[in-house]
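Have a look at the structure below before the remarks.
FYI, it's all coordinate maths here, none of it is from the lab. Because the structure is predicted, anything quoted here is derived from the model rather than measured. Note: ideal-geometry Cβ built from the backbone for every residue, glycine included; neighbour counts use all protein chains shown.
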């Protein structure tokens, strides 16, 4: 592999002595913090197994960046790219696909622990959606066909299960049975014929940068899945990651996050989307658990793992959250945002 300093020097970045250290805990791409002459950047190698056409990712990012640049908004930022010296916003080298972002001085959070913070997070995602709503989804590539389409993941699960080589352990049997008993419900959003919109695609808590003092959300990162899709995928995933710690959904945090999101995005939503919000909150942890389980059955080809069985453990954690949402279903439907939801609808 080409040494990382040689990759960095192909970008319009200071040529001084470089310090390069691994950054983040991403399960897909590899990232490094790069420092030279007091300037910092984030170097990334795009996972070609997951994203076989990375040039389409970069085209989508450029389209969204142009749109937002024409509408400056100090309340929300997306990271910007450092140009390649040969032109464009990426570099092909050593059979790999590379990009270099400007570093944003901010912090990430491991958990949300107060409704005020949950409201700000929801508002920020809603504000992003409001800005993206002005872009025609047809202007973006579908960089990851089938992403978040749960019936497609069920098909992949069935194939992986049929081809498995390992014997069933009690944990694996329990996980597979969990999926089989929820197959019909898993297609709930696909059956609804909801409108396509431009989505972030991966709005989990790890992908939000916060001001270190005020904890105000500053920017959304990890833009590989900017693409046409359903906003309900985004809000369901945001609730999952921010309000579903340790296999339990915190209803007070969920209500606050939804209030914030609806305050910004609600005017764009249809009545059908409002009505299916609870289903999205149920679906996204189930779907992620299904993806982890399928990857385990396939030999850990998609998500990075530290040991064999880690994807199965991840799957069971997401299924525990799914089951907790089922236990609290009546209370979830009684939350204030759902009682007031129709007033947000655009129809």
Next on the checklist: Just to verify a number: FRET efficiency for residue 166 and residue 142, C-beta to C-beta distance, R0 = 35 Å, to 0.05?
Outcome noted: 0.60
Checklist outcome for this item: Taking 282-293, 305-316 and ranking on average Cβ neighbours within 10 Å, highest first, one gets 282-293, 305-316
Checklist outcome for this item: The correct pair for segment 1-90, radius of gyration to one decimal and Dmax as a whole number, both in Å and from Cα atoms, is 14.3, 40
Next on the checklist: What does the extension gain come out to for residue 93 and residue 110, with contour length at 0.36 nm per residue minus their alpha carbon separation?
Outcome noted: 2.7 nm
Checklist outcome for this item: Between the modelled labels at residue 15 and residue 215 (7 Å from Cα along Cα→Cβ) the distance in nm is 4.6 nm
Next on the checklist: I need the semi-axes of the equivalent ellipsoid of segment 129-190: take the C-alpha gyration tensor, multiply each eigenvalue by 5, square-root it, list largest first in whole angstrom.
Outcome noted: 34, 14, 10
Checklist entry - How high is the relative contact order of the chain, given as a whole-number percent (alpha carbon pairs under 8 Å, six or more residues apart)? => result 19 percent
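Applying 1/(1 + (r/R0)^6) with R0 = 41 Å to the Cβ-Cβ distance of residue 73 and residue 333, what FRET efficiency is obtained, to the nearest 0.05? Let's see the in-between values first.
Values: r = 34 Å, r/R0 = 0.83.
Plugging the Cβ-Cβ distance into 1/(1 + (r/R0)^6) gives 0.75.
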Checklist entry - Among bridges DSSP assigns within the chain, what percent are antiparallel (round to 5)? => result 95 percent
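What is the extension gain from residue 158 to residue 180, computed as 0.36 nm multiplied by their sequence separation minus the C-alpha to C-alpha distance, in nm to one decimal?
That works out to 6.9 nm of additional length.
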Checklist entry - Using 1/(1 + (r/R0)^6) with R0 = 25 angstrom and r between the beta carbons of residue 25 and residue 252, what's the FRET efficiency to the nearest 0.05? => result 0.40
Checklist entry - If packing is taken as the mean number of other Cβ atoms within 10 Å per residue, what is the order of 167-180, 86-99, highest first? => result 86-99, 167-180
